[in-house]
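Here the structure is laid out as structure tokens; the discussion comes afterwards.
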Amino acid sequence: MHNPSQTDREAWTQIKSRLNDIYQGGEYVCFGLLNEDDTNELPLLKSASLDELGEDAYQAVDPFRSIYVFHSPAQHWHFITMGLSDFGFELTCRVPLTESEKLPPTWPLRYLRRFGSYVLETNRGFDAGHYIDAAGPILGSRPTALEGFGVANDPSFDTISSAEGKVQLLQIVGLTRDELERVKKTDAKAVLAALASSDPFLLSDYKRGSIMGDAQKLSIIESQEER
């Protein structure tokens, strides 16, 4: 975890202001460190405890200062990192929420941590249209068709501008094996556009199947690739 710079602080202030606008005082969980002014800006559902979520959840936050997870009225969990703004972006992820869930799943934290560590170790960043091949099911032994991720602009955020530069909110979106093979020919934008046509929040739903057999989705992909 690196010490926050002025870029980090300015970006985080704007991100939290936007989150307050989106969720209107909604509930959230914070993994990692709370910033000094959080209790004044965002009502805390609870700060994840070791007893409730286990040591893996805490370890999964490093190298970030914190990861916020909001309970969206649109019935999903919205993960947002705080710790990469110096590189011009932060990462987000959205996963479906079930009625019985009181706390978010921890598997997205593992991937956010992995990708954050990659950025800090290599000084290489991500951008909309990039893809990441996980070389196997993203849940390990649990059944899922998702085997990697595409990178999209988070649909709730515009680019954040400050005196220190610009920061994008980039959302990782789960992709199936045949979707990944398609994006490798160009980039992920066309497949992500097809997914967004029926799911504007671009949820990483581990239960979903491939869209490559859907004629309407395939038509959108082909149209986007021709641009």
Handout entry: Candidate set from the stretch 1-25 (those that are at pLDDT 75 or above and outside any helix (DSSP H, G or I)); member that is farthest from Ile160 (Cα to Cα)
Key = Gln24
Exercise for the section: Have a look at Pro104, Pro96, Pro63 and point out the one that is surrounded by fewer than 23 Cβ atoms within 10 Å (Cβ to Cβ) and out of contact with any helix residue (DSSP H, G or I) (no Cβ under 7 Å at 6 or more places or on another chain). Expected result: Pro96
Problem - Those residues of the stretch 106-129 which are under 13 Å from the mean Cα position of the chain (by Cα) and in a loop (DSSP other than H, G, I, E, B), in sequence order - result: Thr106, Phe126, Asp127, Ala128
Practice task
Give the stretch 155-168 a look and list any residue that's aliphatic (A, V, I, L, M) and either buried (at least 22 other Cβ atoms within 10 Å of the Cβ) or on the phi > 0 side of the Ramachandran plot (or both), or say none.
Solution key: Ile160, Val167
Completion exercise
Contact list, first residue from the stretch 66-84 and over 11 Å from Phe201 (Cα atoms) and touching a residue at least 12 places away in the same chain (Cβ under 8 Å), second anywhere and surrounded by fewer than 21 Cβ atoms within 10 Å (Cβ to Cβ) and of a type in the set (S, T, N, Q), beta-carbon distance below 7 Å, six or more apart or interchain, is Met82/Ser66
Handout entry: Residue list for the stretch 141-194, filter: part of a helix (DSSP H, G or I) and free of Cβ contacts under 8 Å to residues at least 12 places away in the same chain
Key = Glu181
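If you take the residues of the stretch 195-215 that are free of Cβ contacts under 8 Å to residues at least 60 places away in the same chain and of a type in the set (S, T, N, Q), which of them is surrounded by the fewest Cβ atoms within 10 Å (Cβ to Cβ)? Spell out how you get there, then give the answer.
Applying the first criterion (free of Cβ contacts under 8 Å to residues at least 60 places away in the same chain) to the stretch 195-215 yields 195-200, 211-215.
Restricting the remaining residues to those that are of a type in the set (S, T, N, Q) gives 197-198.
Values: Ser197: 15, Ser198: 11.
Among them, the one singled out is Ser198.
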Problem - Among (1) more than 15 Å from the chain's Cα centre (by Cα); (2) of a type in the set (S, T, N, Q); (3) at pLDDT below 85, the one test that Ser66 misses - result: (1)
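Given the criterion closer than 28 Å to Pro73 by Cα and touching a His at 6+ places or on another chain (Cβ under 9 Å), identify the matching residue among Val191, Val151, Val167.
Values: Val191 fails: touching a His at 6+ places or on another chain (Cβ under 9 Å); Val167 fails: touching a His at 6+ places or on another chain (Cβ under 9 Å).
Going through Val191, Val151, Val167 in turn, just one is closer than 28 Å to Pro73 by Cα and touching a His at 6+ places or on another chain (Cβ under 9 Å): Val151.
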Practice task
Could you run through the stretch 73-84 and say how many residues are crowded, with 17+ Cβ neighbours inside 10 Å, under 24 Å from Gln24 (Cα atoms) and modelled with pLDDT of 90 or more?
Solution key: 6
Handout entry: In the stretch 195-227, the residues that are part of a loop (DSSP other than H, G, I, E, B) and either over 26 Å from Phe79 (Cα atoms) or small (Gly, Ala, Ser) (or both)
Key = Ser197, Ser198, Ser204, Gly209, Ser210, Met212, Gly213, Asp214, Glu226, Arg227
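The values are calculated or read from the model by the stated rules, or taken from the named source; none is laboratory data. Worth saying up front: this structure is predicted, and the values here are computed from it rather than measured. Ideal geometry is used to build each Cβ from the backbone, glycine not excepted, and the neighbour counts take in all protein chains shown.
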